[in-house]
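Undergrad: Take a look at this one; I'll ask things after.
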Amino acid sequence: MYTSLLVGLAVTVGAPVTKEKDPPKEAAIVGEWEGTKAVAGGKEMPVPEGGIRFEFTADGKLIIHEGKKDQPDTGTYKVDTKKDPAELDMIPPVNQKVAAPPSIPGIFKVDGDTLTLCFSKGPEATTKRPTKFESTDGSDTILITMKRVKK
């Protein structure tokens, strides 16, 4: 009896551990995120009154709820996780009343329940993609930190 128990234990202990595959990086950004901090040109920006939330859907839609606005802003997004750091292009809707750039290139990383986004601002916002997660004093970058909204 003890022999079969020992053999069973040895087989169990010696069996390879199967690790669950991590979800693809593309899926990591999907969900709803609440803005906690923003730095633009090295200066900390206040979170809008009423907060700010980004929702990235699995089918490529981006919904931005800002402050006390009645209607969210919508657009689309694309990611390229083969790049390091992973790239994100946010595409505003074409029917906006204000002239919008064709896309806003940036980078992103997801670490647990924290999403970090970095984009250029100003005249280079549509052509210059940041390469580091930083917004130094006087720079044309915006660094945004968000937390995943628990449902």
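Undergrad: Which of the residues that make up region 74-97 are at pLDDT below 90 and surrounded by fewer than 17 Cβ atoms within 10 Å (Cβ to Cβ)?
TA: Across region 74-97, the qualifying residues are Ile91, Pro93, Val94, Asn95, Gln96, Lys97.
Undergrad: For region 63-73: of the residues being more than 18 Å from Thr36 (Cβ to Cβ) and assigned to a strand (DSSP E or B), which is modelled with the lowest pLDDT?
TA: Top of the filtered list is Asp73.
Undergrad: Here's another thing I want to ask about it. Check off (1) assigned to a helix (DSSP H, G or I); (2) among the aliphatic types (A, V, I, L, M); (3) at pLDDT 50 or above for Val13 and give me the number that stays unchecked.
TA: (3)
Undergrad: Please determine whether any residue of region 109-124 is buried (at least 16 other Cβ atoms within 10 Å of the Cβ), modelled with pLDDT of 90 or more, among the polar types (S, T, N, Q) and under 19 Å from Gly35 (Cα atoms).
TA: Yes, region 109-124 contains at least one residue that is buried (at least 16 other Cβ atoms within 10 Å of the Cβ), modelled with pLDDT of 90 or more, among the polar types (S, T, N, Q) and under 19 Å from Gly35 (Cα atoms).
Undergrad: Considering each residue of region 27-62, count those that are exposed (fewer than 15 other Cβ atoms within 10 Å of the Cβ) and not in a loop (DSSP other than H, G, I, E, B), and give that number.
TA: 6
Undergrad: Please find, within region 104-151, the residue that is nearest to the chain's Cα centre (by Cα) out of those that are of a type in the set (S, T, N, Q) and part of a strand (DSSP E or B).
TA: Per the stated criteria, the residue is Thr116.
The values are calculated or read from the model by the stated rules, or taken from the named source; none is laboratory data. Predicted, not measured: the structure shown is a model, and the values here were computed from it. Heads up, the Cβs are rebuilt from the backbone with ideal geometry, glycines too, and the neighbour counts pull from every protein chain shown.
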